[in-house]
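Written out below as structure tokens is the structure these notes cover.
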Amino acid sequence: MRIYIIGAGVIGRTHAEAAKKLSEPIQLRAADTNPAALEAFCSQFPETIGFTNVEEMLNSETAQNDDIVIICTPPTAHFDPTRLSIESGRHVLCEKPLAMNGSQAQEMVQLAEKHNRLLGCCSVRFKGMPHMEAVKKVIKSGSLGEIYHVTFVNKWERSRSGIEYQPASRWFLNSTLSGGGVLMDWGPYDFASLNDILNPTSIEINTAWTAKPQTEIDPLDTPFDVETHVGAFMTFSSGNHPIHVHYERASCTHGESYARAEIEGTLGSLRWTPFDSRQPVFLRYDKHGQIVEEQVETGPRSEYTIFDNPLLHFYRKVKGLESHANVNQQALNNFLCLTSIYTTAETGQKQLIAMVQKGVTL
């Protein structure tokens with residue numbers, strides 16, 4: 001099987017490491033316009049055939065039905081490589097966020113469907129992890145009763161991409177290159193997880209806001225126009241059953257750092273830490289008029305890491321196996337949650353997302 005990596009930087013090397021863990025031998029190809037980055041990649045993975053031109057790489061051999069291209073470039077360079085790769089007859093796994101805006105994302109999905117290819121997004125790093133599956137199992141059991149409220153908050157005091165995290169990658173701070181701030185950076189994981197757990201048929205963004213708290217080390221030598229704190233109040237609907245969701249994500253706040261996910265139902269509640277599988281899941285319910293709290297059995301941690309999951313899930317989808325991958329319309333649905341929050345924050349107008357489901361036949 002052949003895997004083509006576009007963008008030979010840190011994340012490209014991460015996917016190349018994940019490729020070693022797939023259940024069949026992999027042939028690697030990589031393309032990067034930066035000769036130094038390409039040389040470093042090929043030094044680490046000497047079996048790789050390297051190219052300095054994406055089109056040259058894609059045209060170097062006839063596409064096979066299970067070829068996978070992984071887009072590992074900054075968001076501003078997701079659209080064109082995705083288009084070229086799909087038109088070459090290959091499936092595409094794109095790093096998050098899927099695109100710079102909704103119109104780009106819709107066009108990418110339309111291209112994939114037109115060419116009968118799969119377009120996936122790497123926002124699924126946390127899907128399928130044992131603690132997340134345990135949460136879904138409890139919900140499915142009905143032991144929470146009718147779910148009516150969800151809190152999904154993750155606030156860090158100082159963890160801004162391009163400043164405290166990967167400070168050399170200043171493009172994170174420039175909306176013309178990144179598409180947005182913490183919502184575009186971490187929101188893809190949040191909504192891939194929320195939508196997997198709650199499985200809504202529609203989502204209404206009722207109110208939303210963005211902010212950029214200031215610090216004394218804010219860079220002055222580069223564009224910095226993205227939000228580092230975002231929040232929304234939403235209604236997730238499944239049939240006639242509304243679930244009220246409080247969402248918040250911050251990479252910079254002067255408030256207290258904390259992470260909390262809690263689902264409240266008429267018969268019980270669940271509390272867990274979505275992005276840390278080492279933390280327990282707690283179930284709370286009433287017994288004889290008193291609250292009882294139990295730790296939910298989550299089973300052993302997976303041998304695969306969050307860095308392996310995007311390729312592992314997508315590989316299984318391409319092979320026609322059961323998979324946690326988000327592809328085509330599902331990937332678009334998740335992405336539209338992000339753009340709709342931005343729109344509501346900017347305009348004050350509610351946004352409605354119909355979680356359309358379309359299958360893909362290969």
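Mind counting the residues in segment 171-201 that are of a type in the set (Asp, Glu), over 22 Å from VAL356 (Cβ atoms) and surrounded by fewer than 23 Cβ atoms within 10 Å (Cβ to Cβ)? The qualifying residues number 0.
Residue count for segment 91-102, restricted to those that are buried (at least 24 other Cβ atoms within 10 Å of the Cβ) and more than 14 Å from the chain's Cα centre (by Cα): 2.
Among the conditions (1) crowded, with 16+ Cβ neighbours inside 10 Å; (2) closer than 29 Å to GLY265 by Cβ; (3) modelled with pLDDT under 95, the only one that THR344 does not satisfy is (3). Of the residues making up segment 128-148, none is touching a Pro at 6+ places or on another chain (Cβ under 8 Å) and closer than 28 Å to ASP32 by Cβ. Of the residues making up segment 173-189, those that are free of Cβ contacts under 8 Å to residues at least 60 places away in the same chain and either outside any loop (DSSP other than H, G, I, E, B) or under 18 Å from THR235 (Cα atoms) (or both) are LEU173, SER175.
Out of ARG278, ARG271, one residue alone is modelled with pLDDT of 95 or more, of a type in the set (D, E, K, R) and closer than 17 Å to SER193 by Cβ. It is ARG271. For segment 209-225, state whether one or more residues are crowded, with 23+ Cβ neighbours inside 10 Å and aliphatic (A, V, I, L, M). There is no residue in segment 209-225 that is crowded, with 23+ Cβ neighbours inside 10 Å and aliphatic (A, V, I, L, M). Here HIS313 meets each of (1) farther than 30 Å from ASN116 by Cα; (2) not in a strand (DSSP E or B) with one exception, condition (1).
Could you tell me whether GLU204 is among the acidic types (Asp, Glu), assigned to a strand (DSSP E or B), assigned by TED's automatic domain parsing to the domain that holds ARG170 and surrounded by fewer than 19 Cβ atoms within 10 Å (Cβ to Cβ)? Here the answer is yes, as GLU204 does meet what is asked.
Here is a yes/no grid of residues against (1) exposed (fewer than 15 other Cβ atoms within 10 Å of the Cβ); (2) free of Cβ contacts under 8 Å to residues at least 60 places away in the same chain; (3) under 30 Å from ALA112 (Cα atoms); (4) hydrophobic (A, V, I, L, M, F, W, C):
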site: ALA261; (1), (2), (3), (4): no, no, no, yes
site: GLY268; (1), (2), (3), (4): no, no, no, no
site: ARG278; (1), (2), (3), (4): yes, yes, no, no
site: LEU283; (1), (2), (3), (4): no, no, no, yes
site: HIS288; (1), (2), (3), (4): yes, yes, no, no
site: VAL292; (1), (2), (3), (4): yes, yes, no, yes
site: GLN295; (1), (2), (3), (4): yes, yes, no, no
site: PRO300; (1), (2), (3), (4): yes, no, no, no
site: ASN334; (1), (2), (3), (4): no, no, yes, no
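Selection within segment 129-157: residues that are among the polar types (S, T, N, Q) and in contact with a strand residue (DSSP E or B) (Cβ under 9 Å, 6 or more places away or on another chain). The member of this set that is surrounded by the most Cβ atoms within 10 Å (Cβ to Cβ) is ASN154. Every condition in (1) at pLDDT 95 or above; (2) part of a loop (DSSP other than H, G, I, E, B) holds for LEU352 except the one numbered (2).
The values are calculated or read from the model by the stated rules, or taken from the named source; none is laboratory data. Being a predicted model, the structure only gives us computed values, none of them experimental. Here the Cβ is made from the backbone with ideal geometry for all residues, glycine too, and neighbour counts use every protein chain on show.
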